[in-house]
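Down below is the structure, laid out as structure tokens.
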Amino acid sequence: MLDTTTLRIELHRQGTVSALDMQEHHALIGSGSHCDVRLAPDEAAVEQLLVELVGDDIYVRARSLKPPCRLNGAPFVEGRVPEDSMIEFNGLGICVSAVARREDKVTSHGRGKSSTSPGMQLLGLAAVALGLYAVLHPPSQGDGLKLNAAAPPAPAVLREEACPQREPSAALALAEQLETQAETKRERAPFYAGDALAGAPLFQRAAACFAAAGEHERADEAGQAAQQLRTQTVDLLHLLHIRVEHSLTERDFVNARHNAELALALMSDPADPYAQWLEAVKRETLLRTREGKR
């Protein structure tokens, strides 16, 4: 018996639940005919969600902002999704989980029996052991391509902001202007990673000005939006880190460079050791790519 882990996607529609087991570690959800999970055109965009299983973590990215998605009631664009969470859009709920699937191994000598000789089995075990050692102790790929970099730091904690406007009507006008700018950043974040980093402080400043204007409910909403966007930034940076290291392990230098550039856009301090490692990855992968084209 072979144990593999795959994705299970549950669709919740008006009290009914249907479950689909994927054959791969990723699934595209939408109304397009090429999607792995196809929905009705009035339920979803052509490409609505991309779901990926990376190790033991599930990552989901909104491929379209229309209709907008919510994760457990909060606006959602991209990030790590716990298995007990619900993603909702257009009245449809989606739960994603990782499930173990057992497969029978069939050989010409009978079901579940191996025809490999003991000597070959020992050689196979030795190869597996060497492979595990290579994964757990990856060799340096040259300056900038070492996989033992520190984990990505969390973006700076949001600071308490003071509204520069004292008069309530001026504070309200500024708050609404800042909120509009922050919402634009949040909508662009799936396509321009740096906007996620810039959007959270804008929401925080808007919250301060809403409070100065006496709009305390709107201040709370803006403050919550700031924290949610910061959390999404943390998750996105973690996902990009996994992609960079996986690409380096696979010697996929093009994707390693691309994801390193996206991760750098989420770093507020270019002098941070992790940012410097990403810069080194960019330089070295560019050199490796050019060498490969010669």
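Mind counting the residues in the stretch 184-218 that are in contact (Cβ under 8 Å) with a residue 40 or more places away in the chain and closer than 20 Å to ALA162 by Cα?
14
Are any residues in the stretch 27-50 of a type in the set (A, V, I, L, M) and closer than 14 Å to ARG13 by Cβ, and if so, which ones?
ILE29, VAL37, LEU39, ALA40, ALA44
Only residues that are within 23 Å of the chain's Cα centre (by Cα) and open to solvent by 40 Å² or more (accessible area, probe 1.4 Å): list them for the stretch 202-235, please.
GLN224, GLN227, GLN228, ARG230, THR231, VAL234, listed by residue number.
Select from the stretch 52-98 the residues that are modelled with pLDDT of 90 or more and of a type in the set (Val, Ile, Thr) and list them in ascending order.
Answer for the stretch 52-98, where residues must be modelled with pLDDT of 90 or more and of a type in the set (Val, Ile, Thr): ILE87, ILE94, VAL96.
The values are calculated or read from the model by the stated rules, or taken from the named source; none is laboratory data. Only a predicted model underlies this, so the values are computations on that prediction, with no experimental measurement involved. Every residue, glycine among them, receives a Cβ derived from its backbone with ideal geometry; neighbour counts consider all protein chains shown. Please note that ligands, DNA and RNA were not included when accessible areas were found on the heavy atoms of the full protein model with its side chains. Shrake-Rupley method; radii C 1.70, N 1.55, O 1.52, S 1.80 Å.
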